[in-house]
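Worksheet: one structure, shown below.
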Amino acid sequence: MSFNNVIELKHPLIEHKLGILRKKETGTKEFRELANEIGVFLCYKAMEDIELEETEIETPICKMKTGKLNEDKFAFVPILRAGMGILDGVISVIPNAKIGHIGMYRDDSNGYKPVNYFFKVPKNIEEKEVIILDPMLATGGSAIDAIDLIKEKGVKKIKFICIIAAPEGLEKVTQKHPDVKIYCAHIDEKLNENAYIVPGLGDAGDRIFGTK
């Protein structure tokens, strides 16, 4: 199954690390480390279309012109709490990017729909390229709500980074926001009756923070 504007990373290193991440025996420390490592790969891929500014430097041999990234033009916005699990990885790629936060949780009593409880983004967010972070894209509800909130701030260029995604969620997000590119390490099989991704990796937030 293919989706417009969805980029799935297909690489032996990704498959290897994702396999360890999925294992139920993988502990909290290793899970965090692997999630951030995969986040680095995803950010690397998501940045391949960015424009650099020309600058002149001097090497030990001579002067030359090269490209320079204006890191102030970027903002990472993790969806709390699980999105924090890949924040360190993407920050290592663009360390001076600004950081925002969107707080959401799934309410089991209303059909697993996301409930928003916190929203804080940097000043002049409308002038930046925003990359939303969430390890799991399941039903797509949280992703859609997060993108809606960012667009309401006037942001024109948005990307979404996740580790694994379900086809059902991808379909909903790409239909509602066809202009947003989604980068994922793997597109899984389906959602189960409890709206968890199959085969998935369990609850990413619980595994990152050791709360279960």
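What follows draws every value from the coordinates through simple rules; no lab data is involved. Quick caveat, the model's predicted, so the values are computed rather than measured. Cβ placement follows ideal geometry from the backbone for every residue including glycine, while neighbour counts extend to all protein chains displayed.
Cross-link pairs exceeding 25 Å in C-alpha to C-alpha distance, out of Lys156/Lys176; Lys68/Lys181; Lys23/Lys128, comprise Lys23/Lys128.
Between the Cα long axis of helix 12-22 and the first principal axis of the chain there is an angle of about 40°, rounded to the nearest 10. Computed over the chain, the per-residue total of -39500 (n - 2.57) for DSSP H runs of n ≥ 4 gives a 222 nm mean residue ellipticity of -9000 deg cm²/dmol, rounded to 500. Close amide H pairs (under 5 Å, H built 1.01 Å from N) link Glu129 with Phe74, Ala75, residues at least 5 positions away or on another chain.
Among beta bridges identified by DSSP and lying wholly in the chain, the antiparallel ones come to about 40 percent.
Computed from Cα atoms, the angle from the helix 28-46 axis to the main principal axis of the chain rounds to 50 degrees.
For region 55-72, 3J(HN,Hα) computed residue by residue from phi via the Karplus equation (6.51, -1.76, 1.60; θ = phi - 60°) reads 9, 10, 10, 10, 7, x, 9, 6, 7, 7, 9, 8, x, 9, 8, 8, 5, 5 Hz, glycine and proline entered as x. In order along region 190-203, the Karplus-derived 3J(HN,Hα) couplings, from 6.51 cos²θ - 1.76 cosθ + 1.60 at θ = phi - 60°, round to 5, 9, 8, 5, 9, 6, 9, 6, 10, x, x, 8, x, 8 Hz, and Gly and Pro are given as x.
For region 79-194, the fraction of C-alpha pairs farther apart than 19 angstrom is 44 percent. Ordering of 178-185, 162-169 by packing is 162-169, 178-185, highest average first (other Cβ atoms within 10 Å, averaged per residue).
Each peptide among 132-141, 192-201 gets the average number of other Cβ atoms lying within 10 Å of its residues, and from highest to lowest they stand as 132-141, 192-201.
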